[in-house]
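Input: a single structure, listed below in structure tokens.
The values are calculated or read from the model by the stated rules, or taken from the named source; none is laboratory data. Note that the structure is predicted; figures quoted are calculated from it, not measured. Cβ: placed from backbone, ideal geometry, glycine included. Neighbour counts: every protein chain shown. For the accessible areas, the whole protein counts, side chains as well, though only heavy atoms, and no ligand, DNA or RNA atoms are used. Shrake-Rupley method; radii C 1.70, N 1.55, O 1.52, S 1.80 Å.
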Amino acid sequence: MNNSIKQTQLILLMVLVIAGGKFLSLPGLMAQFAGRDSWISMTLLFVIDLVCLCFVLWAIKLNKGKQLNEILTDTLSPVGAKIIFAIYAVFFILRIMGGLIDTMDLVLSSLSVVTNWIAFIVPMLIVIGFNVLKGARNVGRLAQIFFFFIFISVLLILFLSYKHADFSNLQPYVADGFGVVAKGALNASFWFSDCVFLVFLMGSVTTNKLFGIKISGAFVFGAILTVMLDIVFLSLFGMLAQYSTSALAKVSGFNLTSSSYGRLDWIFVVIWLSSIVIKSILFLWAATMSISYIFNVKSKKGYAIIYGVICLAFIVMPLILPLETFIDDFICQGVGKYFFFSVQYLIPLLLPLLTYLSNKKSKPQSLQEDCDCNQNADCMQRMEGAATRGNGQIEGSGNCLCKDGAPSDARLCESNGKQDDKKGLFNRVKRLWKKITAKKA
């Protein structure tokens, strides 16, 4: 897989992922929990996610080229890392499974298409799988292609709905107390923390001074768009919003009856659905990577097998289990949501510390003897411009520094990450000669 991704692609992807899928059943669900103040609950969750995002960006800044599995293995032990990845895999799969069920409901209600789960999900999984196996770079390219069209469709949905919105339906604010708002945020927390996909791109993203500001700005922009859509939805339907199963279908139908544009909403809905597909590709790529880290899979054939197992779960589980009821009752309103807090909030908040400890732990001891220091034979291996891997190897080239800061003339690594045996032998002979001449003196 090619998982390297450009900053521009990541910025566009962040906006699409934050907004994509949050205008289906989520606004109605949050209206059940917090009533007309559900938009405040949504804003509160976005603020918490922004804090977690800042910690993830901090960890990316501290990172020395390591991937997430190397960092977690170094700090939480191999078993602890596998447990975390197992939770991540379940989190991403359930998120997308619930989102695609809502998407099929939207297609049935808004586009007047008669279909069933298998006929809907199989073509969708084929499209998603083709892009998942291409890697994160391919998802970034899709974001570049579709971003403009999706953004325009969101603006047009807001424009067509805004003039009919009655914002007095939002008042009075926090009439039932902030406890209701907080409870609404807690029960809907499973459907947030979208930015955690960023941790799987550690070691694959190039950073600069403005990297954190750009990514945070993209997150804030996507969050504002989502909250605005929720406010318009609540303003249109008031207390009836809690009975809606698809906010986009309701708003689309309202625009149809209150305008003379015909079924123009079909175009907006279809374009909006592409953001859900992009989000599904990204999350299922992260789920595939999680499972590959658990079983140490590194081949393209292995990734394909893992995705095939995921597809089987997607096809069978909704047919034999009441998945929507399970997510709503056990996860959203039950104790299941606390199970995912470890990967939604705990890991992102601890990631800078884990990255720091991993960087400190993995200094390459095997190369210390090749450091030629005139003042101190015991050297500290610090490579400038080189990426240190968790297995002790160093990729790239750089300069070795002694403990006292004096530079060494030894070049530790070639561009392929392997030790330069000839120079290592030369340095050992050189040191031996110095010892012999020192004894004679």
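How many residues, within the range 68-97, are more than 15 Å from ALA287 (Cα to Cα) and not acidic (Asp, Glu)?
The total comes to 9.
Quick one: LEU72 ticks every box in (1) open to solvent by less than 30 Å² (accessible area, probe 1.4 Å); (2) over 23 Å from PHE211 (Cβ atoms); (3) modelled with pLDDT of 95 or more except a single one, so which number is it?
(2)
Residues that are modelled with pLDDT under 85 and among the hydrophobic types (A, V, I, L, M, F, W, C): find the helices (runs of 4 or more DSSP H) completely inside the range 244-341 holding 3 or more of those.
247-257, 264-294
If you check VAL196 against the conditions, is it at pLDDT 90 or above and more than 19 Å from PRO348 (Cα to Cα)?
No; evaluated as a whole, the condition is false for this residue.
Those residues that are touching a residue at least 40 places away in the same chain (Cβ under 8 Å) and under 19 Å from ILE118 (Cα atoms), I need them from the range 309-353; list them, please.
ILE310, CYS311, ALA313, PHE314, ILE315, MET317, PRO318, LEU319, LEU323, GLU324
Tally the residues that are open to solvent by 10 Å² or more (accessible area, probe 1.4 Å) and either free of Cβ contacts under 8 Å to residues at least 12 places away in the same chain or assigned to a helix (DSSP H, G or I) (or both), restricting the search to the range 129-146.
Residues in the range 129-146 being open to solvent by 10 Å² or more (accessible area, probe 1.4 Å) and either free of Cβ contacts under 8 Å to residues at least 12 places away in the same chain or assigned to a helix (DSSP H, G or I) (or both): 9 in total.
Among the numbered criteria (1) under 20 Å from ILE278 (Cα atoms); (2) touching a Leu at 6+ places or on another chain (Cβ under 9 Å); (3) small (Gly, Ala, Ser), which single criterion is violated by SER153?
Among (1) under 20 Å from ILE278 (Cα atoms); (2) touching a Leu at 6+ places or on another chain (Cβ under 9 Å); (3) small (Gly, Ala, Ser), SER153 violates only (2).
Taking the range 161-174 as the region of interest, how many residues are over 30 Å from PHE330 (Cβ atoms) and either out of contact with any Leu (no Cβ under 8 Å at 6 or more places or on another chain) or open to solvent by 60 Å² or more (accessible area, probe 1.4 Å) (or both)?
Result for the range 161-174: 9.
Count, please, the residues in the range 95-126 that happen to be closer than 19 Å to GLY28 by Cα and touching a residue at least 12 places away in the same chain (Cβ under 8 Å).
15
Looking only at the range 179-206, which residues are open to solvent by 10 Å² or more (accessible area, probe 1.4 Å) and under 18 Å from LEU44 (Cβ atoms)?
GLY179, VAL180, ALA182, LYS183, LEU186, ASN187, TRP191
Cβ contacts < 9 Å: first residue without any contact (Cβ under 8 Å) to a residue 12 or more places away in the chain and closer than 14 Å to PHE151 by Cα, restricted to the range 213-230; second residue crowded, with 17+ Cβ neighbours inside 10 Å and among the hydrophobic types (A, V, I, L, M, F, W, C), any location; separation 6+ or different chain. Result?
ILE224/PHE46
Return yes or no: is LEU346 open to solvent by 90 Å² or more (accessible area, probe 1.4 Å), under 23 Å from THR73 (Cα atoms) and under 18 Å from the mean Cα position of the chain (by Cα)?
The answer is yes for LEU346.
Anything in the range 147-170 that is outside any helix (DSSP H, G or I) and either without any contact (Cβ under 8 Å) to a residue 24 or more places away in the chain or within 22 Å of the chain's Cα centre (by Cα) (or both)? List them, or say none.
The one that is outside any helix (DSSP H, G or I) and either without any contact (Cβ under 8 Å) to a residue 24 or more places away in the chain or within 22 Å of the chain's Cα centre (by Cα) (or both): LYS163.
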